[in-house]
Amino acid sequence: MTITLAIETSCDETSCAVIKDGREVLSNIISSQIEIHRKFGGVVPEVASRKHIENINLIIQEALDEANITFDDVDLVGVTRGPGLVGALLVGISSAKAIAYGINKPLIGVNHIEGHICANYIEHKDLEPPFTCLVVSGGHTYLAQAEDYTEYELVGRTRDDAAGEAFDKVARALGLSYPGGPLIDKLSKEGNKDAIDFPRVYLEHDSYDFSFSGLKTAVLNYLNGAKQKGEEIIVKDVAASFQQAVIEVLVDKTFRLAKERKSNKIVMAGGVAANEGLRNMMESRGREENIDILYPSRILCTDNAAMIGAAAYFNYMKGRVSDYYLNVVPNLELR
């Protein structure tokens, strides 16, 4: 039995978790700052860093208490090293180093994106690589092939706005609050997805990359044009039509890669993986093409330390241990 204490502070959630053998959650404490940042319409990095400093020790102790363990029971310490906000990451990595040094246990620096993928190992106890993976979050959109628990071939990525970023920007243009993604998803259920013909951006015919900046601009142009002409803007129809344009491209490219690699499993990860429209289209297509669609529960889609603990465990089992010179990498890539 291996007990991992994990810390996640890449953006605006302060989280600490205790994980057993990489798949069983003994505790997963998450302190969100959404209400603080909502008034600004997005995350303010300096404010996020200060809140992490205020919360981190309390959250760590709460995670230990809920798991009914002490530091003496911990076998290794995992922490997000990137990507993320540099100040926020530093709070987590400094705390993890201090704990690992104090209890003389291995320190494992974790890629935040890999953590999102590993959330599926917690949710689906029998899941094993290889599989095709779509990572969609506020800051990243990746299409990858998972060859092993710690080995990924990055096949496609966004060339500009990430999917979640586009959702938030369009939501702001529609007068919705932050975070906008869940609100657009909710509105889309009431709207007509075929009301407005927004562009589907596929790039070159064989490309697995994504681009959502042009789609975002098309929505803004539509809204500005309607206002100038005095036309009624039906917000739920705009939301539904925009969401449909995003998820069609995500689904099409993911299934094309799965078929190319002869993969019978597609795994989704990241905050946008909680989007019901995306889940429904993925599952419908999966039934048609006999491909299993897997994704985590909503709490494990958003940033949390449990997923970091799972990733830390699998890296540790591969012999990947960090030293105390471990530093944050705000633009860390998935490899």
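Nothing in this text is a laboratory measurement; each read-out follows from the coordinates by a stated rule. Predicted model only: the values in this text are computed from it and were never measured. When we count neighbours, we look across all protein chains shown, and the Cβ atoms used for this are built from the backbone with ideal geometry, even at glycine.
Things worth noting here:
- At least 20 Å along the helix axis (C-alpha) and Kyte average at least -1.0, DSSP helices within the chain: 45-67, 86-103, 213-229, 235-260
- Length gained when the stretch LYS39-SER284 is fully extended (0.36 nm per residue, less Cα-Cα span): 84.4 nm
- Over the chain, DSSP H runs of length four or greater, each weighted -39,500 (n - 2.57), average out per residue to a 222 nm ellipticity of -14500 deg cm²/dmol.
- In this Cβ point-charge picture (+1 for Lys and Arg, -1 for Asp and Glu), the chain has a dipole of about 540 debye about its Cα centre.
- Rounded to whole numbers, the Karplus 3J(HN,Hα) couplings from phi for the range 151-159 are 10, 10, 9, 7, 9, x, 7, 6, 8 Hz, using 6.51 cos²θ - 1.76 cosθ + 1.60 with θ = phi - 60°, and x at Gly and Pro.
- Measuring between alpha carbons in the structure, the pairs from LYS51/LYS318; LYS51/LYS97; LYS39/LYS169; LYS51/LYS186 lying more than 22 angstrom apart are LYS51/LYS318; LYS51/LYS186.
- For the chain, the longest site-free run once chymotrypsin sites (Phe, Trp or Tyr not before Pro) in DSSP loop states with at most 12 other Cβ atoms within 10 Å are removed: 41-323
- For the range 193-291, the number of Lys pairs separated by eight or more positions or lying on different chains, with C-alpha atoms closer than 21 Å, is 11.
- J(HN,Hα) series, the range 4-9, from Karplus relation 6.51 cos²θ - 1.76 cosθ + 1.60, nearest Hz, glycine and proline x: 10, 9, 10, 10, 10, 9
- Neighbour cut-off at most 10 other Cβ (10 Å), DSSP loop, trypsin sites (Lys or Arg not before Pro), the range 76-183: LYS125
- Calculated from the structure at hand, Cα extents along the principal axes in Å is found among (i) 119, 53, 33; (ii) 66, 46, 31; (iii) 66, 41, 38 as (ii).
- Length released on extending from TYR324 to SER213, taking residue separation times 0.36 nm less the Cα-Cα span: 36.0 nm
- Value of relative contact order over the chain, rounded to a whole percent, pairs C-alpha under 8 Å and six or more apart: 26 percent
- Formal net charge of residues neighbouring SER213 (Cβ-Cβ distance under 11 Å; K, R +1; D, E -1): 0
- Residues whose amide H falls under 5 Å from that of VAL155, counting only those 5 or more places apart or on a different chain, are LEU143, ALA144, GLN145, with hydrogens built in the peptide plane.
- From phi via Karplus (6.51, -1.76, 1.60), per-residue ³J(HN,Hα) for the range 200-211 in Hz, x at Gly/Pro: 9, 9, 9, 6, 5, 4, 10, 7, 9, 6, 10, 8
- Theoretical FRET efficiency, 1/(1+(r/R0)^6), r = Cβ-Cβ of SER297 and TYR101, R0 30 Å, to 0.05: 0.35
- Local electrostatic count at VAL43 - Lys and Arg +1, Asp and Glu -1, tallied over other residues with Cβ under 14 Å: -1
- The slack between ASP65 and LYS227, meaning 0.36 nm per residue of separation minus the straight C-alpha distance, is 52.8 nm.
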